[in-house]
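Report on the structure given below.
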Amino acid sequence: RVSELAPQAEQQAPLSLAEVDDPAAAFTALLTEKLRAAVEADHRKVSSLEWEAVLPQLVVDRRYGAVKSMAQRRALFGEWQHEMGSADSELRQRLRRERKEARREARRAFAEMLRASDELGPRPSFSAARTLYGDDPRWRALERQERDEAWDEVEEELAARGKALLKQREAS
């Protein structure tokens, strides 16, 4: 039984400088591997991580010993945090732009659905549109407030089209 434990103890021993070409890179890889997933799972910002809180997750890994001094580890953590924070910021900005574009597209599709409708009649109402299109994915794609705003934008156009249809029917 002791022989079974020896390889595990050997495997868990800290890395020596001879085993690692770049101790800083090994430690940074450890930070990325252990902390990045935790940050993404909790939807937290990398900048919210505190050294004392993440330390227990790091000390159990062999790469923790690649950097010999606590001051160096802490400095590398700060550098990593800054780099990942910049990447997080860029990612959040990109996601924000994508969500904004998706909302814009959903709003456009909603307006086009209403404009293409011949079923709303000459005096369109929001409740009639909800009855007709409430189950349509283009209707459900917008939150209530956005849907109300989009309706307000299209309502005048629909009413004008309805009046023109009424005039045309009266003329014929």
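The values are calculated or read from the model by the stated rules, or taken from the named source; none is laboratory data. Since this is a predicted model, take the numbers as computed values, not measurements. Cβ: placed from backbone, ideal geometry, glycine included. Neighbour counts: every protein chain shown. The accessibility values were calculated without ligands, DNA or RNA, using every heavy atom of the protein model including side chains. Shrake-Rupley method; radii C 1.70, N 1.55, O 1.52, S 1.80 Å.
A few remarks follow.
- Restricting attention to region 139-172 and to residues that are open to solvent by less than 90 Å² (accessible area, probe 1.4 Å) and either in contact with a Gly (Cβ under 8 Å, 6 or more places away or on another chain) or not in a helix (DSSP H, G or I) (or both), the residue that is nearest to Pro122 (Cα to Cα) turns out to be Gly162.
- Residue check for Arg44: more than 18 Å from the chain's Cα centre (by Cα) and open to solvent by 60 Å² or more (accessible area, probe 1.4 Å): no
- Residue in region 91-107 that is closer than 30 Å to Leu165 by Cβ and surrounded by 13 or more Cβ atoms within 10 Å (Cβ to Cβ) present: yes
- Annotation: of all residues in region 116-138 being assigned to a loop (DSSP other than H, G, I, E, B) and at pLDDT 90 or above, the one that is surrounded by the most Cβ atoms within 10 Å (Cβ to Cβ) is Asp136.
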